[in-house]
Amino acid sequence: MFRSKVRFSYARILNEFQINFAYEFRVKAMTMRRNIISLFIWVTIVAIFAIHVIISRKKNDIKTISERSITEVKTTILERTESENIEKVKNNPMKDVVLKTETTKGMYSRELNDEDKDLVGLKNTVNFTITTTTSKLLRHGDANLHEENLKTEIIKLKNENNRYKLSNNLLMQKEKQLKNLARRLASKLKGKEGGLLPKLDPSLPWIFAITPTYSRYTQKADLIRLSQTLMHVTNLHWVIVEDSSYRTDLVSKLLVESGLSFTHLNIQTPPHMKRRRGEKYNKHHRGVLQRNLAMKWIRENVNIAKTPGVVYFMDDDNTYHRKLFDEMRKVHHLGVWPVALAGGLRFAGPKCAKGKVTGFHVKWGADRSFPIDMAGFAINLRLLIKEKPEVIFESTAKRGYLEPTFLEQLTTLDQLEPMANNCTKVLVWHTRTESPKESLKGEKEMIKMGRPSDPSIET
Ligand code: UDP
Ligand code: MN
């Protein structure tokens, strides 16, 4: 019984083993089959990719080879010496090729000078070669050209091509130079050499700025600074009056070159109205006759119906903010504002509130009716030309009273229009250009020694 039990168990184990073995074998076989299939798929993908790469490379090679050979053949055939080509073209029924080249040449010759024509000639030689040999290529084909010839001709053509590029650049440079010359010539003819065009805006009132000026070492420096400020101002006409018996070259040239809109006048202050040697300070007002002459010109020449605007007395050595001009443009009657470095103070001028002048901030001459500096007011043209056509500056006015005696004739305190943000902004400085004593003294000494600074150099 025990034995049969054992035998029985053995057979069972064997049976179980067989079953397990068969099962495992099946599983392994399946896994292997799966692996083989996926390996096969991968191999196929890689192979397809490799084939694709090889094919596309081959294609490219073929393309570049064919392109290169086409270009080589083309460039080779394009290369011919000029004389050879001329001969061929002479016998060539395609005469229009020659005609075309000549037309190009003619077109350039009309515009350029001799030097430029050389460059054009060079350009045309290359063009000529290319055009004529292209026609040759079209007519005869490329059958009978030898390899050695081709190589040397390629080199020749490359050289010629470089020369062509160079000459083309030179031509472009010359063209630029010519254009600049033409522009400068045109502006010279208009008398505006070196300057900017005046800024104009038909919707804005005009400013007639009156400047007396006189000859001195620092005159040009002051006028250059002033004119270059005015280049920023729209609708400004500069009436500049020289204190001289004639209009000087220095001022004339400066005005023309500034490109500004201007009127250039002159009137000499007679000696008895000028400070004499030894006088401690100037009893006389400066620039009076000049300002009066300018007002006369404005009254006679400006039509206020066509040209509304204001008049401003703009001495030549002050410093002006360009915003000041936009302020004064708004003046309807007589506008006022403070002036820095005037009246013995950091700034002096009207005190204003709610659009009215309520008093004056002054140290010196507080009793004056209008303690206002020449640079601190502008007058509407209507008031000056139409309503008060007789008013001028009085050269006999007491020292410091030139402005008040003038303004009294034009307006009253309560009519004044405060400008520059109710007179709280300073937009003009009563700067004064110091006389260059060292330079004057040194130059005098050099003149005595017969070695002055070159008088042909303007300063
Ligand atoms: N001015 C003039 N003749 C002279 C002195 C001055 O025409 O003999 C001009 C000067 O060029 C300036 C204005 O008058 O435009 C006022 O002169 P300055 O600046 O010397 O006076 P200040 O600075 O003392 O007001
Ligand atoms: Mn001054």
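The values are calculated or read from the model by the stated rules, or taken from the named source; none is laboratory data. Being a predicted model, the structure only gives us computed values, none of them experimental. Methodologically, a virtual Cβ is constructed for each residue, glycine included, from the backbone with ideal geometry; neighbour enumeration extends over all protein chains shown.
Among (1) touching a helix residue (DSSP H, G or I) at 6+ places or on another chain (Cβ under 8 Å); (2) away from ligand 1 (no atom under 16 Å from the Cβ); (3) among the basic types (Lys, Arg), which single condition is ARG329 missing?
Of everything listed in (1) touching a helix residue (DSSP H, G or I) at 6+ places or on another chain (Cβ under 8 Å); (2) away from ligand 1 (no atom under 16 Å from the Cβ); (3) among the basic types (Lys, Arg), ARG329 misses just condition (1).
Between residues in the range 280-302 that are not assigned by TED's automatic domain parsing to the domain that holds LYS388 and residues that are in a helix (DSSP H, G or I) and within 14 Å of ligand 2 (Cβ to nearest atom), which pairs lie under 7 Å by C-beta distance while being six or more apart or on different chains?
none
Scanning the range 290-313 for residues that are within 14 Å of ligand 1 (Cβ to nearest atom) and in contact with a strand residue (DSSP E or B) (Cβ under 8 Å, 6 or more places away or on another chain), which turns out nearest to PRO198 (Cα to Cα)?
Checked the range 290-313; the qualifying residue nearest to PRO198 (Cα to Cα) is TYR312.
Give me the pairs: first residue in the range 305-328 and under 15 Å from TRP429 (Cα atoms), second residue within 16 Å of ligand 2 (Cβ to nearest atom) and in a loop (DSSP other than H, G, I, E, B), beta-carbon distance under 6 Å, and six or more apart or on different chains, which are they?
Partner pairs satisfying both residue conditions: ASP317/ARG432; ASP317/THR433; ASN318/HIS430; ASN318/THR431; THR319/THR431.
Give the residue, chosen from SER203, SER215, that is more than 13 Å from ligand 1 (Cβ to nearest atom) and more than 21 Å from the chain's Cα centre (by Cα).
The conditions single out SER203.
Given the criterion within 30 Å of the chain's Cα centre (by Cα), at pLDDT below 90 and in a helix (DSSP H, G or I), identify the matching residue among ARG225, ARG163, ARG184.
Answer to the selection: ARG184.
Condition check: within 16 Å of ligand 2 (Cβ to nearest atom), touching a helix residue (DSSP H, G or I) at 6+ places or on another chain (Cβ under 8 Å) and farther than 15 Å from GLU403 by Cα. Does TYR320 satisfy that?
yes
Of all the residues that make up the range 413-433, how many are more than 11 Å from ligand 2 (Cβ to nearest atom), in a loop (DSSP other than H, G, I, E, B) and closer than 22 Å to THR229 by Cα?
Here the count works out to 4.
Checking ALA397 against (1) more than 16 Å from ligand 1 (Cβ to nearest atom); (2) over 24 Å from ARG346 (Cα atoms); (3) in the same structural domain as ARG329 (by TED's automatic domain parsing); (4) surrounded by 11 or more Cβ atoms within 10 Å (Cβ to Cβ), which single condition isn't satisfied?
(1)
Suppose the filter is away from ligand 2 (no atom under 16 Å from the Cβ), among the aliphatic types (A, V, I, L, M), within 26 Å of HIS333 (Cα to Cα) and surrounded by 14 or more Cβ atoms within 10 Å (Cβ to Cβ); does LEU402 pass it? Full working, then the answer.
Numbers: away from ligand 2 (no atom under 16 Å from the Cβ): no; among the aliphatic types (A, V, I, L, M): yes; within 26 Å of HIS333 (Cα to Cα): yes; surrounded by 14 or more Cβ atoms within 10 Å (Cβ to Cβ): yes.
Taking the combined requirement at face value, the residue does not satisfy it.
Out of the residues in the range 272-315 that are in a helix (DSSP H, G or I) and within 16 Å of ligand 2 (Cβ to nearest atom), state the one that is surrounded by the fewest Cβ atoms within 10 Å (Cβ to Cβ).
By that ranking, first place goes to VAL288.
Check the range 436-443 and report whether any residue there is within 27 Å of CYS352 (Cα to Cα) and touching a residue at least 60 places away in the same chain (Cβ under 8 Å).
No, the range 436-443 has no match at all.
Looking at (1) out of contact with any Ser or Thr (no Cβ under 8 Å at 6 or more places or on another chain); (2) under 23 Å from ASN380 (Cα atoms); (3) among the aromatic types (Phe, Trp, Tyr), which is the one condition that is false for TRP238?
For TRP238, the exception is condition (1).
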